[in-house]
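Engineer: What follows is a single structure, and I will ask about it in a moment.
The values are calculated or read from the model by the stated rules, or taken from the named source; none is laboratory data. Given the structure is predicted, the values throughout are model-derived calculations rather than measurements. Ideal geometry is used to build each Cβ from the backbone, glycine not excepted, and the neighbour counts take in all protein chains shown. Ligands, DNA and RNA are stripped out before the accessible areas are found, and what is left, the full protein with its side chains, is counted by its heavy atoms. Shrake-Rupley method; radii C 1.70, N 1.55, O 1.52, S 1.80 Å.
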Amino acid sequence: MKILIIGGGNMGLTYARSFVRAHITSRLDLRLLARSPERVAALAAHEIGTVWGSPAECVPGADILILAVKPQDSPALFATLKGLVQPQQLVLSIMAGVRIDTLRTALGTPKIIRAMPNLPAQIGMGMTAFTSTDEVSRAELVQVQNLLSTTGKTVYVEAESAIDASTAISGSGPAYVYYCMEALMAAAAQMGFSGAEAELLVSQTFRGAVELYSQSGLSCQDWIAKVASKGGTTEAALGAFGAGAVRAGLMAGAGAARDRAEELGR
């Protein structure tokens, strides 16, 4: 399976390393396409696969094209790919907000998969939602799911609108976690802990809580009840959050992120 990754940024390199490490493809069959001679040289230094600077030389021989450029660069990308993509080739796009209809029209190809990975994919702990056009076969879907799974967990969604929703939850989600962590670190500092102590207290608490949740069959409410004894410290904190105001704020934030994802797509 000859894979061409277009775009050598963080996600492009993440996929390249993950595919080779998982033995899904070899360095001989993995290709990367960059726009500038400087970027070609930088990617070549990683010795992950063959690096090209011209799409005409590498696009026609690929089985799968992975579009890993910034969405604002998509018009320039489409211009360079015009007339090169063939109907039998499979296109996997991770460009946020760029819709399937846009990809189909710009590239003139029917086999399109749109995916939304998130930042922890860089360490193999990512969450990726993906969907596809009807022309993509079940075997091809399995192939792509195997590729995406090298960076973490995956979920297939039927409706493309669910990609915008996953952008709001898992795509932007790490920032929500860091937001909460930063607030607790600030609280710890106010209580007299050093910066290093505050970071350790908060990061290990988040890590342990998530791992405990993952290894159990209990819900979040079950775990809250286990921690929050009647009249205790945790109950005092939950009360100070204001009758669900923090929860409502997080939900409203996720809704705003989804609305923005839909707006960008239009």
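Engineer: Taking the options 257, 237, 189, 243, name whichever one is part of a helix (DSSP H, G or I), of a type in the set (Gly, Ala, Ser) and either open to solvent by 60 Å² or more (accessible area, probe 1.4 Å) or within 29 Å of residue 96 (Cα to Cα) (or both).
Structural biologist: Details: 237 fails: either open to solvent by 60 Å² or more (accessible area, probe 1.4 Å) or within 29 Å of residue 96 (Cα to Cα) (or both); 189 fails: either open to solvent by 60 Å² or more (accessible area, probe 1.4 Å) or within 29 Å of residue 96 (Cα to Cα) (or both); 243 fails: part of a helix (DSSP H, G or I).
Among 257, 237, 189, 243, only 257 is part of a helix (DSSP H, G or I), of a type in the set (Gly, Ala, Ser) and either open to solvent by 60 Å² or more (accessible area, probe 1.4 Å) or within 29 Å of residue 96 (Cα to Cα) (or both).
Engineer: Residue check: is residue 265 under 25 Å from residue 170 (Cβ atoms), surrounded by 13 or more Cβ atoms within 10 Å (Cβ to Cβ) and touching a Lys or Arg at 6+ places or on another chain (Cβ under 7 Å)?
Structural biologist: Numbers: under 25 Å from residue 170 (Cβ atoms): yes; surrounded by 13 or more Cβ atoms within 10 Å (Cβ to Cβ): yes; touching a Lys or Arg at 6+ places or on another chain (Cβ under 7 Å): yes.
Yes; evaluated as a whole, the condition is true for this residue.
Engineer: Pick out the one residue from 106, 139, 183, 175 that is open to solvent by 50 Å² or more (accessible area, probe 1.4 Å), closer than 26 Å to residue 1 by Cα and free of Cβ contacts under 8 Å to residues at least 40 places away in the same chain. Show your work before the answer.
Structural biologist: Values: 106 fails: open to solvent by 50 Å² or more (accessible area, probe 1.4 Å); 183 fails: closer than 26 Å to residue 1 by Cα; 175 fails: closer than 26 Å to residue 1 by Cα.
The match here is 139.
Engineer: Could you tell me whether residue 72 is touching a residue at least 40 places away in the same chain (Cβ under 8 Å) and either of a type outside the set (Asp, Glu) or under 24 Å from residue 154 (Cβ atoms) (or both)? Reasoning before the result, please.
Structural biologist: Details: touching a residue at least 40 places away in the same chain (Cβ under 8 Å): no; either of a type outside the set (Asp, Glu) or under 24 Å from residue 154 (Cβ atoms) (or both): yes.
No, not satisfied.
Engineer: Looking at (1) free of Cβ contacts under 8 Å to residues at least 24 places away in the same chain; (2) over 24 Å from residue 248 (Cβ atoms), which is the only condition residue 159 fails?
Structural biologist: (1)
Engineer: Additional query: Taking region 76-103 on its own, how many of its residues are touching a Pro at 6+ places or on another chain (Cβ under 8 Å), in a loop (DSSP other than H, G, I, E, B) and open to solvent by 10 Å² or more (accessible area, probe 1.4 Å)? Walk me through it before giving the result.
Structural biologist: If we filter region 76-103 for residues that are touching a Pro at 6+ places or on another chain (Cβ under 8 Å), which is where we start, we get 80-81, 84, 86-87, 94-98.
Those still in the list that are in a loop (DSSP other than H, G, I, E, B) too: 84, 86-87, 94-98.
Among the residues that remain, those that are also open to solvent by 10 Å² or more (accessible area, probe 1.4 Å) are: 84, 86-87, 94, 96-98.
The qualifying residues number 7.
Engineer: Picking from 166, 132, which residue would you name as being open to solvent by less than 30 Å² (accessible area, probe 1.4 Å), closer than 30 Å to residue 62 by Cα and touching a residue at least 40 places away in the same chain (Cβ under 8 Å)? Steps first, answer last, please.
Structural biologist: Numbers: 132 fails: touching a residue at least 40 places away in the same chain (Cβ under 8 Å).
Answer to the selection: 166.
Engineer: Here is a further query. Within region 12-41, which residues are hydrophobic (A, V, I, L, M, F, W, C) and either open to solvent by 40 Å² or more (accessible area, probe 1.4 Å) or touching a helix residue (DSSP H, G or I) at 6+ places or on another chain (Cβ under 7 Å) (or both)? Step through it out loud before you land on a result.
Structural biologist: Applying the first criterion (hydrophobic (A, V, I, L, M, F, W, C)) to region 12-41 yields 13, 16, 19-20, 22, 24, 28, 30, 32-34, 40-41.
Matches in region 12-41: 19, 22, 24, 28, 30, 32, 33, 34, 41.
Engineer: Say we look at region 142-163 and pick out the residues that are in a helix (DSSP H, G or I), touching a helix residue (DSSP H, G or I) at 6+ places or on another chain (Cβ under 9 Å) and not hydroxyl-bearing (Ser, Thr, Tyr); which of these is surrounded by the fewest Cβ atoms within 10 Å (Cβ to Cβ)?
Structural biologist: Taking the candidates together, the pick is 163.
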